[in-house]
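Colleague: Handing you this structure, nothing more for now.
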Amino acid sequence: MIYIVILSFLGFCSMGIDKWKAKHKKYRISEKTLLLIGVFGGSIGSILGMRFFHHKTLHKKFSLGLPLILFCQLCLIVLYFFFI
């Protein structure tokens, strides 16, 4: 649980930092990195950050991809507890 909270916090912050960097024309966080944070457990925070900072909301790979990643993660958790 602590792992998910930390990765979600990282996902949320990374969206905010990347938005700030985009506005100030600084070196950006790669889309691959932003998505990998979601894949490794930060999907909730990444989705919340995306919505809160209005960042990457028009990119299909984020607006559809992150919720799909979250759905798959939730399915894996349910399957894990169902079969154990």
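Colleague: Filter the range 59-84 down to the residues that are of a type in the set (Val, Ile, Thr) and part of a helix (DSSP H, G or I), then identify the one that is modelled with the highest pLDDT.
Modeller: Top of the filtered list is Ile69.
Colleague: Can you pull out every residue in the range 59-84 that is open to solvent by less than 70 Å² (accessible area, probe 1.4 Å) and of a type outside the set (Gly, Ala, Ser)?
Modeller: Within the range 59-84, Phe62, Leu66, Pro67, Ile69, Leu70, Cys72, Gln73, Cys75 meet the criteria.
Rundown of residues vs (1) in a helix (DSSP H, G or I); (2) without any contact (Cβ under 8 Å) to a residue 40 or more places away in the chain; (3) loosely packed, with under 13 Cβ neighbours inside 10 Å, yes/no style:
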| site | (1), (2), (3) |
| --- | --- |
| Ile17 | yes, yes, no |
| Lys21 | yes, yes, no |
| Lys25 | no, yes, yes |
| Arg28 | no, yes, no |
| Thr33 | yes, yes, yes |
| Val39 | yes, yes, no |
| Gly45 | yes, yes, no |
| Met50 | yes, yes, no |
| Thr57 | no, yes, yes |
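The values are calculated or read from the model by the stated rules, or taken from the named source; none is laboratory data. Bear in mind that the values here come from a model prediction, so they are computed numbers and not experimental data. So basically every Cβ, Gly included, is an ideal-geometry build from the backbone, and we count neighbours across all protein chains shown. Accessible surface is based on the protein model in full, side chains and every heavy atom, while ligands, DNA and RNA are left aside. Shrake-Rupley method; radii C 1.70, N 1.55, O 1.52, S 1.80 Å.
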